[in-house]
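Structure record follows, encoded as structure tokens.
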Ligand SMILES: [Zn+2]
């Protein structure tokens, strides 16, 4: 569904009108023709209302007000008058005319506050007739100006349109929350009015590629769940750094032990010996976002990184995806898990099928 911006109700209004005013015939054309009514004339001030302080609209309104008009005999020049910052409150509305416009269009003309001659939209007139009333040409009820789309419009308080605008305004006036104020499980709305459930924070890690000059190292264990996620791929100095070593390096990402390194790489389908420079920022960001998830699951499940299947026997072998499982079948594809051939204290384990070279 497309979002419709309903409108807003300005606090103050500026009226712009020609000082000279205009003499109008009061009544509808057909009244004059059929009922042989007198044609009373009245001095009114055709007015261009704008939201007070609207610097863009003011010159437009002035230009409109000073535009010369043809009174039937001659062109009359006008001087614009600006009445600033009126409270948005209309004390009276009297219908005095119906103007025919091109293509069957028409406009109800009203005098508000016994001075300003403005348009009244047909929907507002109908709403007043149905829900309120009109007595001796005066509209009963409270009326105010609203900005609907780009136009100023008189609306009745407590009408459907009014309530819609108020509802919209109350939402638009929501104060922004600081990130600290977010509570997991809460429903929040962004500036574009997209609603979302806040699940929680992820750990922040800054994976710098310019090792060994890494800066801003976050200790995942200490920073808990509250740090803001940020990742920066800086200009690399160490172009030979491979991803499995980067994950282990305490200067780059702390908190990841050897076990988690292998498990994280497996869960992200990353070939462990890929150079860090081969990844795009997006790919590294995705990886870094996933790191705390895996760590959190592990910490909360006594070091287990793989969720056991129903009725599966809990054993060392079922606890991990690849860690210390060389020669055993991959839980996903059945291929044999392998580890580095050379003897090292911190070997990497991976599935050659799920973590192929250049898989990303
Ligand atoms: Zn596999």
Quiz item: Can you name the residue in the range 329-341 that is under 13 Å from residue 262 (Cβ atoms) and away from the ligand (no atom under 11 Å from the Cβ) and, of all such residues, is surrounded by the fewest Cβ atoms within 10 Å (Cβ to Cβ)?
Solution: 340
Self-check item: Residues (out of contact with any strand residue (DSSP E or B) (no Cβ under 8 Å at 6 or more places or on another chain) and either on the phi > 0 side of the Ramachandran plot or surrounded by 14 or more Cβ atoms within 10 Å (Cβ to Cβ) (or both)) located in the range 94-132
Solution: 103, 104
Quiz item: Which of the residues spanning the range 253-275 are within 15 Å of residue 242 (Cβ to Cβ), at pLDDT 80 or above and more than 16 Å from the ligand (Cβ to nearest atom)?
Solution: 258, 261, 273, 274, 275
Quiz prompt | Single unsatisfied condition, residue 359 versus (1) within 16 Å of the ligand (Cβ to nearest atom); (2) at pLDDT 80 or above; (3) assigned to a loop (DSSP other than H, G, I, E, B); (4) closer than 29 Å to residue 240 by Cβ | solution = (2)
Quiz item: Within the range 281-299, is even one residue within 16 Å of the ligand (Cβ to nearest atom) and surrounded by 13 or more Cβ atoms within 10 Å (Cβ to Cβ)?
Solution: no
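The values are calculated or read from the model by the stated rules, or taken from the named source; none is laboratory data. What you see is a predicted model; the values in this text were computed from it and never measured. A quick note on method: Cβ atoms are made from the backbone with ideal geometry, for glycine too, and the neighbour counts reach across all protein chains shown.
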